[in-house]
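A quick write-up on the structure given underneath.
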Amino acid sequence: MCTSCGCSEHAHPTVTVFQDGRPVRIENHDPHTHSHAHAHHAHSHEHESGTTIPLEADILAKNDLLAQRNRGWFEGRNILALNLVSSPGSGKTTVLEKTILQLAGDIPIHVIGGDQATTNDAERIQATGCRVAQINTGAGCHLDAHMLAHGLDELQPPPDSVVLIENVGNLVCPALFDLGEFCKVAILSVTEGEDKPVKYPHMFRAAQVMLLNKIDLLPHVDFNVERCINLARQVNPDITVFQISATRGDGMEAWYQWLKDHLPTHPPGLTTEAT
Amino acid sequence: MHELSITQNIVALVSERAEGHRVTRVTVEIGKLNAIVPDAIQFCFGPCTKGTALEGAQLEIHEIAGRGRCRECGRELKLTQPYGQCACGSFHIECISGDQMRIKEMEVA
């Protein structure tokens, strides 16, 4: 049984690589997960009637282990991986499209998108010329480290690149599941409530960056930007906030600069560029 | 809905540690600051254990209250949310309890 994702008989997650259109089922079994941690293992206890065996194990230990493996995979390849999280309709895909179009000439960008169903977002991303894999989670409400590992296997992003992970639109579940990303980037749009950060504190606490999107609509909506940012900072005093309009371009330069500033630097002696 | 994934993780981990023995009870600790509904875990537990070593086992969930420590002044405070404000005014609160999700123990037949 797969311990990392929500695989069930009726809802198998799949990953579709757009360059060749193959949907690949994410098997509900991952050989890598079999090397379970043996700390606290109960071998020495007798399995007799009514024997209580202490386990002291984190419930998400396997996801966290796989997430650390993904993190090492990214680090070894000098890849900046960002986990984009938001409610449905906040403009994640538009932010991605604009970011890719702006930076593609300088930095190779690959996208792994998660949705319960359809490849609509991946088609939009692919139209920008970017390599993309779509993970359909079926019944699952979030991506997990296991699904991401399969997505990376299929997509094979090159060293010295950026991987943008578009998580399932959901402000609750993706907060719990580390994928091995550098950080989470939460996107909130001004057409949503300004109190979203305190309504969904786990997500805004887990994120390092908040993109406040659709600010071009501020004249038409009742949204207090200052209050929203104050609430976000109550939940997470260290959160970095960018006010943007992905469709009109306002504020996007600062976001692009943040992204460039966080590209991994080569350890000395390991640079791949000709000197 | 992530309670289903969490329950599947509990069942998989306990099945593995049980090494083929029948499990009669599982005890877990869920911090109150997690976005996890214990009743939903209980609801998922029956269906998730079907056909496993845990089928018919009892699930005990202990909820753990939230506590934080102020990063500015070091004072400890109760938390009912995964954030809060210290009496000194700071919002820099480190969660020291209430965010755990642990399998404490199992009882095998």
Residue satisfying all of: in the stretch A:163-218; closer than 18 Å to residue B:95 by Cβ and β-branched (Val, Ile, Thr); farthest from the other protein chains (Cβ to nearest Cβ) among these: A:198
Residue check: is residue A:188 surrounded by 19 or more Cβ atoms within 10 Å (Cβ to Cβ) and either of a type in the set (A, V, I, L, M, F, W, C) or part of a helix (DSSP H, G or I) (or both)? yes
If you go through the stretch A:127-140 one residue at a time, do you hit one that is closer than 18 Å to residue A:182 by Cα and among the aliphatic types (A, V, I, L, M)? no
Any chance residue A:203 is crowded, with 24+ Cβ neighbours inside 10 Å and part of a strand (DSSP E or B): no
Scan the stretch B:17-33 residue by residue and report those that are in a helix (DSSP H, G or I) and more than 7 Å from chain A (Cβ to nearest Cβ). B:18
Could you tell me which numbered condition residue A:226 fails, if it satisfies all but one of (1) away from chain B (no Cβ under 14 Å); (2) buried (at least 18 other Cβ atoms within 10 Å of the Cβ); (3) under 30 Å from residue B:86 (Cβ atoms)? (2)
Which residue pairs have Cβ atoms under 7 Å apart, sit 6 or more places apart or on different chains, and have a first residue in the stretch B:1-16 that is within 7 Å of chain A (Cβ to nearest Cβ) and a second that is of a type in the set (Ser, Thr, Tyr)? B:8/A:3; B:9/A:3; B:12/A:3; B:13/A:3
Quick check, is residue A:140 crowded, with 17+ Cβ neighbours inside 10 Å, within 14 Å of another protein chain (Cβ to nearest Cβ) and within 21 Å of residue A:21 (Cα to Cα)? no
Go through (1) within 10 Å of the chain's Cα centre (by Cα); (2) surrounded by 20 or more Cβ atoms within 10 Å (Cβ to Cβ) one by one and return the number of the condition residue A:183 breaks. (2)
Taking the stated definitions as given, is residue A:82 among the aliphatic types (A, V, I, L, M), surrounded by fewer than 24 Cβ atoms within 10 Å (Cβ to Cβ) and farther than 12 Å from residue A:164 by Cα? no
With the structure loaded, tell me whether residue A:219 is modelled with pLDDT of 95 or more, outside any loop (DSSP other than H, G, I, E, B) and surrounded by fewer than 24 Cβ atoms within 10 Å (Cβ to Cβ) or whether it fails that test. yes
Residue count, the stretch A:143-180, condition surrounded by 24 or more Cβ atoms within 10 Å (Cβ to Cβ), of a type in the set (A, V, I, L, M, F, W, C) and touching a Leu at 6+ places or on another chain (Cβ under 8 Å), comes to 9
Could you go through the stretch A:232-244 and let me know if any residue there is within 14 Å of another protein chain (Cβ to nearest Cβ) and of a type in the set (Val, Ile, Thr). yes
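In this structure, does residue B:36 turn out to be among the β-branched types (Val, Ile, Thr) and either part of a loop (DSSP other than H, G, I, E, B) or more than 9 Å from every other protein chain (Cβ to nearest Cβ) (or both)?
yes
I'd like to check something: does the stretch B:32-55 contain any residue that is touching a Lys or Arg at 6+ places or on another chain (Cβ under 7 Å) and not charged (D, E, K, R)? Spell out the reasoning first.
Keep residues of the stretch B:32-55 that are touching a Lys or Arg at 6+ places or on another chain (Cβ under 7 Å), which gives B:53.
So of that shortlist, the ones also not charged (D, E, K, R) come out as B:53.
Yes, there is a match, as at least one residue in the stretch B:32-55 is touching a Lys or Arg at 6+ places or on another chain (Cβ under 7 Å) and not charged (D, E, K, R).
What is the residue count in the stretch B:1-15 for residues that are farther than 16 Å from residue B:104 by Cβ and part of a helix (DSSP H, G or I)?
Matching residues across the stretch B:1-15 total 7.
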Please determine whether any residue of the stretch A:43-62 is modelled with pLDDT under 95 and assigned to a helix (DSSP H, G or I). yes
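Would you call residue A:225 over 14 Å from the mean Cα position of the chain (by Cα), more than 26 Å from residue A:100 (Cα to Cα) and in contact (Cβ under 8 Å) with a residue 24 or more places away in the chain? Steps first, please.
Working: over 14 Å from the mean Cα position of the chain (by Cα): yes; more than 26 Å from residue A:100 (Cα to Cα): yes; in contact (Cβ under 8 Å) with a residue 24 or more places away in the chain: yes.
Yes: the conditions hold for residue A:225.
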Residues in the stretch B:69-102 that are polar (S, T, N, Q), at the interface with another protein chain (Cβ under 9 Å from one of its Cβ atoms) and out of contact with any helix residue (DSSP H, G or I) (no Cβ under 9 Å at 6 or more places or on another chain): how many? 2
Taking the stretch B:46-64 on its own, how many of its residues are surrounded by fewer than 14 Cβ atoms within 10 Å (Cβ to Cβ) and within 11 Å of chain A (Cβ to nearest Cβ)? 2
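The values are calculated or read from the model by the stated rules, or taken from the named source; none is laboratory data. Keep in mind it's a predicted model, so treat the numbers as computed, not measured. Cβ coordinates were reconstructed from backbone atoms using ideal geometry, including for glycine residues, and neighbour counts include every protein chain displayed.
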